[in-house]
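K.L.:
Quick one: the structure is below, questions incoming.
The values are calculated or read from the model by the stated rules, or taken from the named source; none is laboratory data. None of the values given here were measured: they were computed from a predicted structure. For neighbour counting, all protein chains shown are included, and Cβ atoms are generated from backbone atoms with ideal geometry for every residue, glycine included. Ligands, DNA and RNA are stripped out before the accessible areas are found, and what is left, the full protein with its side chains, is counted by its heavy atoms. Shrake-Rupley method; radii C 1.70, N 1.55, O 1.52, S 1.80 Å.
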Amino acid sequence: MPMAAADIEAAILAALPGASVKIDDLAGDGDHYAATVIAPQFAGLSRVAQQRLVYNALGGRMGGVLHALKLTTRPA
């Protein structure tokens with residue numbers, strides 16, 4: 001079963017309090033998403049480090065219940 005957009009958002013917000021998260025279902029299939037995450041925790045971090053924080057927030061669900069996630073990050 002695919003991961004719901006609301007569950008993706010909740011996982012990110014739990015790990016990055018105060019973040020702004022926007023999730024879009026790219027294919028309408030509940031399996032291919034784009035996420036824009038703007039968080040104060042990203043200040044001073046490289047884009048790779050920012051994205052690593054988001055992937056860590058998803059707790060290993062990438063490649064499993066969450067098939068594809070296009071990720072855009074930036075500091076608040």
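K.L.:
Do any residues in the range 65-76 that are without any contact (Cβ under 8 Å) to a residue 40 or more places away in the chain have Cβ atoms under 7 Å from those of residues that are open to solvent by 60 Å² or more (accessible area, probe 1.4 Å) and of a type in the set (A, V, I, L, M), where the two are at least six apart or on different chains, and which pairs are they?
P.N.:
These pairs meet every condition: PRO75/ALA43.
K.L.:
Within the range 10-53, count every residue that is in contact with a helix residue (DSSP H, G or I) (Cβ under 7 Å, 6 or more places away or on another chain) and within 14 Å of ALA76 (Cβ to Cβ).
P.N.:
Residues in the range 10-53 being in contact with a helix residue (DSSP H, G or I) (Cβ under 7 Å, 6 or more places away or on another chain) and within 14 Å of ALA76 (Cβ to Cβ): 10 in total.
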